[in-house]
Amino acid sequence: MVFVHGNPGSSRDWEPLVGQVGAFARAVALDMPGFGQADKPKAGFDYTVAGYSAHLAAALGELGISRAHLVLHDFGGPWGLAWAADHPDAFASVVLINTGVLIGYRWHYLAKIWRTPVGGDLFMATANRAAFGLLLRHGNHGGLPKPFVDRMYEDFDRGTKRAVLRLYRATGDIRGLSAGVAAALGPLRRPALVVWGANDPYIPAEQADNQRQVFDVEDVVMLGDSGHWPFADNPEAVAGAVLPFLERHVQTQTPR
């Protein structure tokens, strides 16, 4: 089981789920370059979706992982699904949490700011703790647990801010990327579970049903009171949906 965080997350987003999955399968969560405690390179790293996909492939190779069930969130969706498109024989199934193949997607307002030279840099320069907390509250109107917010802010240093700007500016045609991934993965019809916080202002909830166009979606779990980070604001509901799906597929598809 390979867990891939999004922006501005880290492997620690997944700690509760990784611990529970570890009871029946090997579970791996990574800090992707620029995020969490990973290196935050100024140069030499390819901050495109393809670059992150290649990094994920290299990491899984180093870990000896030849077949993976993916659990993805936010930008972890494009990264992980690009890896899946390039490694179809290694791709077993996927859990999509507020992410997926973003058909017809348009950038949210923050992405538009980050993609703007100078304006995006100034925005990041003023992203203090109070502003960061307001942004997270916008993404989850019911609020998020304080330890989760504090931990995420601790990781949101200058290197991560730089990585966010480079990532969004290197990801121009999100619709084209999604179309390419859909064309590659659609014929595979891999099993999928979709879990979505209905109040997500960044990736609209209608994208949840769009995943049926690409995957063999077994269920779409819509969490009406959740936002962009449902595994933080409603961890019991997320675990209740995700764990049975993963356990069932690891038992049927992967030797113990």
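The values are calculated or read from the model by the stated rules, or taken from the named source; none is laboratory data. Nothing here was measured: the structure is a model prediction, and the numbers come from that model. All Cβ positions, glycine included, derive from the backbone under ideal geometry; neighbour counts span all protein chains shown.
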Open item on the list: Anything in region 218-239 that is of a type in the set (D, E, K, R) and surrounded by 20 or more Cβ atoms within 10 Å (Cβ to Cβ)? List them, or say none.
Closed with: Asp233
Open item on the list: Just the residues that are hydrophobic (A, V, I, L, M, F, W, C) and within 27 Å of Pro88 (Cβ to Cβ), please, taken from region 196-230.
Closed with: Trp196, Ile203, Ala208, Val214, Phe215, Val217, Val220, Val221
TODO: Check Leu56 against each of (1) under 15 Å from the mean Cα position of the chain (by Cα); (2) more than 21 Å from Val250 (Cβ to Cβ) and name the one condition it does not meet.
DONE: (2)
- [ ] Inspect all residues belonging to region 159-180 and state whether any of them is within 16 Å of the chain's Cα centre (by Cα) and under 30 Å from Glu236 (Cα atoms).
- [x] yes
Open item on the list: On the basis of being at pLDDT 95 or above and within 23 Å of Asn7 (Cα to Cα), does Leu193 make the cut?
Closed with: yes
TODO: Please work out if Thr116 is under 21 Å from Ala208 (Cα atoms), among the hydroxyl-bearing types (Ser, Thr, Tyr) and at pLDDT 95 or above.
DONE: no
Task: Residues (of a type in the set (A, V, I, L, M, F, W, C) and modelled with pLDDT of 90 or more) located in region 119-153 - done: Leu122, Phe123, Met124, Ala125, Leu144, Phe148, Val149, Met152
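Condition check ((1) under 8 Å from the mean Cα position of the chain (by Cα); (2) touching a residue at least 24 places away in the same chain (Cβ under 8 Å)) across all residues:
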{"position": "Gly64", "(1), (2)": "no, no"}
{"position": "Ala68", "(1), (2)": "no, yes"}
{"position": "Gly76", "(1), (2)": "yes, yes"}
{"position": "His87", "(1), (2)": "no, yes"}
{"position": "Phe91", "(1), (2)": "no, yes"}
{"position": "Val95", "(1), (2)": "no, yes"}
{"position": "Val101", "(1), (2)": "no, yes"}
{"position": "Leu110", "(1), (2)": "no, yes"}
Open item on the list: So, in region 111-127, exactly how many residues are over 27 Å from Trp14 (Cα atoms) and not in a loop (DSSP other than H, G, I, E, B)?
Closed with: 8
